[in-house]
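Comments concern the structure below.
Laboratory data are not the source of any read-out in this text; all were calculated from the coordinates shown. What you are looking at is a predicted structure, and each value in this text was computed from that prediction instead of being measured. Here the Cβ positions follow ideal geometry from the backbone for every residue, glycine too, while neighbour counts run over all protein chains shown.
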Amino acid sequence: MRKLAIGVAVSGALALTGLAAPSALADSPDLTFGGVTVNHGKPIVVGTKAEVTVPVTYTLTRPTSFKVDYKNNFLGIALYRGTLAEPGNAIEGSPKKPVCTPTATTDTTVTESCATSLAIDPRNDLFEGADATTWKAAAVYSEEAIDEDDSDDHISFHVGSDIWGNLGTAKIQRLAKATVNATPEPVVKGRTLTVKGTLTRADWDARRYAGYKGQKVTLQFKARGATAYTDVKTVTSGTAGALSTTVKASQDGTYRYVFAGTSTTSAVKSAGDFVDVR
């Protein structure tokens, strides 16, 4: 279970902020959030190395006098799994100022529609299979007041934080990969083709791709000159994600393996392997 490393001892909730423990807390701002949507509601598919950046949109209703300057105070959308008090893991939001457009105003409040982004780096943010799940969205507000003038033999560093949880959801999935290789090539018409391949997925524990065993994978074929693939048969991935089956060679065409995906792992189609039938 990962807690964000942020220095001195902090509560689980403050682990979402990436800030040091506060020595004083200001009154909580009167903020209301709605419509928090991450990656347009689609699963976020993450491999083992590449950082994935996804869009985030939300609405914010705030007091007219309340301002966020992203210098002395900050407001962002983060992801967490577990609870606010004891998150199993947390991914901090972008430190950049979001693009917000006022949509409604009253004498005392302003409602804005905001757009920002959230970056997920598997090398820094994802650590175990449990991270392939549905996460919750949280709004994180923090402010600080720093006085480093020691001419009076006194300095101060005050930080306040507020977190609103369970504002939306985002599913994070492991990236899957599939390969295919049909042999022999070329092949005599009517002879047997052996079609092998592998099904693997991101293993965030080991920082590599590991075989995905026990999964149903469909072998498809597209005849030369055809525009679409057709299903041939379904095979089950074995040890190390191995795929293997046999078919009768009838005509020139391309074979591929197709995996529909699971709740934790993305769908994938292998590249095609063209076979010349003589």
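Data for the structure
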{"item": "Whole-Hz ³J(HN,Hα) from phi, Karplus 6.51 cos²θ - 1.76 cosθ + 1.60, for segment 260-275, glycine and proline x", "result": "6, x, 10, 5, 9, 9, 6, 6, 7, 10, 6, 5, x, 10, 7, 10"}
{"item": "Gain on full stretching of the segment that runs from THR183 to SER250 - 0.36 nm per residue minus C-alpha separation", "result": "22.7 nm"}
{"item": "For segment 189-229: span of alpha carbons on each principal axis (Å, largest first)", "result": "45, 25, 16"}
{"item": "Percentage of interatomic Cα-Cα distances in segment 176-275 larger than 23 Å", "result": "25 percent"}
{"item": "Length gained when the stretch SER117-THR192 is fully extended (0.36 nm per residue, less Cα-Cα span)", "result": "21.9 nm"}
{"item": "THR169 versus ILE155: modelled label distance in nm, points set 7 Å from Cα along the beta carbon direction", "result": "4.7 nm"}
{"item": "Ordering of 251-258, 116-123, 30-37, 100-107 by burial proxy (mean other Cβ atoms within 10 Å per residue, highest first)", "result": "251-258, 116-123, 30-37, 100-107"}
{"item": "Over 26 Å (Cα to Cα) - which of LYS97/LYS177; LYS248/LYS269; LYS49/LYS71; LYS42/LYS177 fall in this group", "result": "LYS97/LYS177; LYS49/LYS71"}
{"item": "Computed FRET value (nearest 0.05) for ARG208 with ASP276, which takes r as the C-beta separation and R₀ as 45 Å", "result": "0.85"}
{"item": "Per-residue Cβ neighbour rank within 10 angstrom, fewest leading, ARG207, ARG201, ARG62", "result": "ARG207, ARG62, ARG201"}
{"item": "Student exercise, segment 13-172 dipole from Lys, Arg, Asp, Glu Cβ charges, in Debye to nearest 20", "result": "1200 debye"}
{"item": "Tail weight of P(r) past 31 Å, computed on alpha-carbon pairs of the chain, percent", "result": "46 percent"}
{"item": "Most positive-pole-ward Cα, GLY41, ALA210, THR64, against dipole of the chain from beta carbon charges", "result": "ALA210"}
{"item": "About the Cα centre, charge dipole magnitude for the chain (Lys/Arg +1, Asp/Glu -1 at Cβ), debye", "result": "3000 debye"}
{"item": "In Hz, Karplus ³J(HN,Hα) per residue of segment 99-108 (6.51, -1.76, 1.60; θ = phi - 60°; x = Gly, Pro)", "result": "9, 10, 10, x, 10, 7, 9, 10, 5, 10"}
{"item": "GluC sites (Glu not before Pro) restricted to DSSP loop in segment 22-121 with at most 14 other C-beta within 10 Å", "result": "GLU51"}
